[in-house]
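Engineer: This structure is in structure tokens; I'll ask about it shortly.
Values in this text are rule-based calculations from the coordinates and carry no lab data. This structure is a prediction, so every number in the text was calculated from the model and none was measured. Glycine gets a Cβ as well: all are built from the backbone with ideal geometry, and neighbour counts include every protein chain shown.
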Amino acid sequence: MADISGVSSLYGPPQGALRDPTRALGRDDFLKLLTVQLQHQDPLSPVENGDFIAQLAQFSSLEQLESINTNLQNSIDLDLILTQVLNNTAAAGLIGKTVIADGGAVYLDESGSSEIHFDLASAADHVVIRITDESGALVQTLREGSLSEGRHQVTWNGEDAQGNRRSEGAYKVEIEAYDPEDNLMDVTSLLVGEITGVRFENGEARLLVAGLELGIGEILEILAQADE
């Protein structure tokens with residue numbers, strides 16, 4: 001009896017091999033199938049010209065689609081690189097500018113106090129500000145009375161609840177605003193400060209603002225200088 005193992009290897013995996021149903025046919029796979037079909041066609045009943053042309057057309061379409069996909073991916077990658085270059089270039093020009101950015105943290109420096117900024121969507125009956133350290137431990141709780149709608153600034157003197165001076169560093173800030181019925185209101189924590197430098201990390205610009213690092217995407221507003 002003739003050995004048919006060679007035929008099995010042409011038309012499918014050996015017995016016991018696992019199929020991968022998620023694998024899609026690519027250009028090379030299509031070309032291999034077309035070549036095998038031509039090699040093993042019945043000489044008495046060859047592939048019709050129309051069928052052969054249709055298969056060639058499918059192969060050509062597949063090749064064009066793969067080429068389009070590759071070009072699109074290259075274009076996307078290039079756009080990302082250009083965007084990063086433009087952002088990094090713009091970042092250097094922001095040094096010395098005062099910006100408003102998403103908050104949630106404050107840096108306590110050697111001056112002995114820090115300013116906490118936030119924005120109220122509407123007038124609040126009272127506001128509670130909790131300051132915690134890097135470990136999450138509560139350091140100080142600040143309470144403010146009735147405040148109007150808009151942006152506000154509260155000064156933290158740098159002391160904890162026991163009156164001890166805290167060390168220099170970054171602290172997390174959590175702000176809660178309440179209406180007269182003691183319901184929570186919308187409040188946005190802000191960071192306001194001057195950009196004093198730019199640091200690059202993995203090709204991305206990181207802005208140094210009030211002792212903290214920010215990404216360009218975190219900036220909400222750039223304030224005009226007094227002499228501009």
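Engineer: Taking other Cβ within 10 Å of each residue's Cβ, how do K32, K97 sort, fewest first? Could the numbers behind the result be given before it?
Structural biologist: Values: K32 13, K97 16.
Result, fewest neighbours first: K32, K97.
Engineer: Something else now. In nm, to one decimal, how far is the modelled label at E134 from the one at F200, with both set 7 Å along Cα→Cβ?
Structural biologist: Roughly 2.7 nm, to one decimal.
Engineer: Let me ask you something else. Counting only C-alpha contacts under 8 Å and six or more residues apart, can you give the relative contact order of segment 98-223 as a whole percent?
Structural biologist: Numbers: 294 pairs, mean separation 45.6, N = 126.
For segment 98-223, the relative contact order is 36 percent.
Engineer: Related question: For the residue pair I95 and N164, what label-to-label distance in nm results when each label sits 7 Å from Cα along the Cα-to-beta-carbon direction?
Structural biologist: Reported label-point gap for I95 and N164 is 3.9 nm.
Engineer: Using every pair of alpha-carbon atoms in segment 98-223, split the distances into 10 Å bins beginning at 0 and state the percent of pairs per bin, rounded to integers.
Structural biologist: Spelled out bin by bin, segment 98-223 gives 12, 41, 34, 11, 1 percent.
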